[in-house]
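To start, the structure itself, in structure tokens.
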Amino acid sequence: MDDAAVERVREVVRSIPPGETSTYGEVAARAGMPGRARMVGRILAEDGHDIPWHRVLRADGTCAKHVAQEQAARLRTEGILLVDGRLPRRP
């Protein structure tokens, strides 16, 4: 994993406004790494503590299992409520 890719992912995640979310795949695409959603997850796990990692969800609208409670709590403080552990689908 090169430093430039890590910084692109970090910048994309920093740009997600409070009260909004993105998926790992969307972040990967915006960072110029289409199809590398798992790489985004790895980057956030290893180097995402100081950015709003909690705004990045799985493609099905759920939280990462190992941080689900903390992620849901952080999203809740921004007004994002999960229903049955999932982001409600937009109409």
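Rule-based calculations on the coordinates, nothing more; no lab input. In this text, all values refer to a predicted model and were calculated from it rather than measured experimentally. Note: ideal-geometry Cβ built from the backbone for every residue, glycine included; neighbour counts use all protein chains shown.
So what is the diffusion coefficient of region 49-91 in µm² per second by Stokes-Einstein at 20 °C and 1.002 mPa s, using a Kirkwood Rh over Cα pairs? Present the calculation step by step, with values, prior to reporting the outcome.
Working: Rh = 10.5 Å.
It diffuses with D of about 204 µm²/s by this estimate.
So, with +1 on the Cβ of K and R and -1 on the Cβ of D and E, and no other charges, what is the size of the charge dipole of the chain about its Cα centre, to the nearest 20 debye?
380 debye
Calculate, in nm to one decimal, what R38 and E20 gain on full extension: separation in residues at 0.36 nm each, minus their alpha carbon distance.
Fully extending the segment from R38 to E20 adds 4.4 nm.
If I model a spin label at A59 and D47 as a point 7 Å from the Cα along the Cα→Cβ vector, what separation in nanometres do I get?
It works out to 2.5 nm between the two label points.
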